[in-house]
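**Q** First the structure, then my questions, so here it is.
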Amino acid sequence: MRMAVIKLVVATAALFAAILPTRAEIRILASPGGQVGPFLELFERVRQSGERVVIDGPCLSACTLVLSAVPNERICVTRRAVLGFHAARSMDARGRMYAEPEASAAVLDAYPLAVRSWIRRRGGLTSRILLLRGRELAAIYPMCR
């Protein structure tokens, strides 16, 4: 899990460092998620960069925060894209997971309306992961060209 996050950060940093003559893009190939803070920081930099985001594989958990940070018109998906949503949770000092209902509500409210509606139609954010992909995803975000 940590390796996928590191790969995403390294790939993003490489794109920012490169000088490209044409419009560059950030490509999410596989991210299992992780801690929210680093993702929020990364996606804020992506938003400020003006780059397009291509979701080209699994973007799970905290990775889906890209939908909240980057404008919809700068996000596209491929046929391999899968978005995975679940309720926010934290770990106590003993390593036990516990729900964070206020954080879950804040995250849900931050998603674009179409994503929020899709999640609500499936029972909302719970401990069970909801996967948005295929035709349902293509109805919300355009396919990449």
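The values are calculated or read from the model by the stated rules, or taken from the named source; none is laboratory data. Since this is a predicted model, take the numbers as computed values, not measurements. Positions of Cβ are backbone-derived with ideal geometry, glycine not excepted, and every protein chain shown enters the neighbour counts. Just so you know, the surface numbers come from the protein's heavy atoms only, side chains and all, with ligands and any DNA or RNA stripped out. Shrake-Rupley method; radii C 1.70, N 1.55, O 1.52, S 1.80 Å.
**Q** Please work out which residue is nearest to the chain's Cα centre (by Cα), limiting yourself to the range 108-122 and to residues that are open to solvent by 40 Å² or more (accessible area, probe 1.4 Å) and within 18 Å of Leu60 (Cβ to Cβ).
**A** Looking at residues that are open to solvent by 40 Å² or more (accessible area, probe 1.4 Å) and within 18 Å of Leu60 (Cβ to Cβ), I get Ala110.
**Q** While we're looking at this one, here's another question. Which of (1) assigned to a helix (DSSP H, G or I); (2) at pLDDT 95 or above is the odd one out, the single condition Ala13 does not satisfy?
**A** The number of the failed condition is (2).
**Q** Then there is this: With the requirement that a residue be β-branched (Val, Ile, Thr) and either within 15 Å of Ser31 (Cα to Cα) or open to solvent by 50 Å² or more (accessible area, probe 1.4 Å) (or both), what does the range 48-77 give you?
**A** The answer is Val53, Val54, Ile55, Thr64, Val66, Val77.
**Q** What residue, among those in the range 123-145 that are of a type in the set (A, V, I, L, M, F, W, C) and in a helix (DSSP H, G or I), is surrounded by the fewest Cβ atoms within 10 Å (Cβ to Cβ)?
**A** Per the criteria, the residue is Ala138.
**Q** Are there any pairs, at least 6 apart or on different chains, whose C-beta atoms fall under 7 Å, with the first in the range 21-40 and among the hydroxyl-bearing types (Ser, Thr, Tyr) and the second modelled with pLDDT of 95 or more and outside any helix (DSSP H, G or I), and if so, which?
**A** Ser31/Pro58; Ser31/Cys59; Ser31/Leu60
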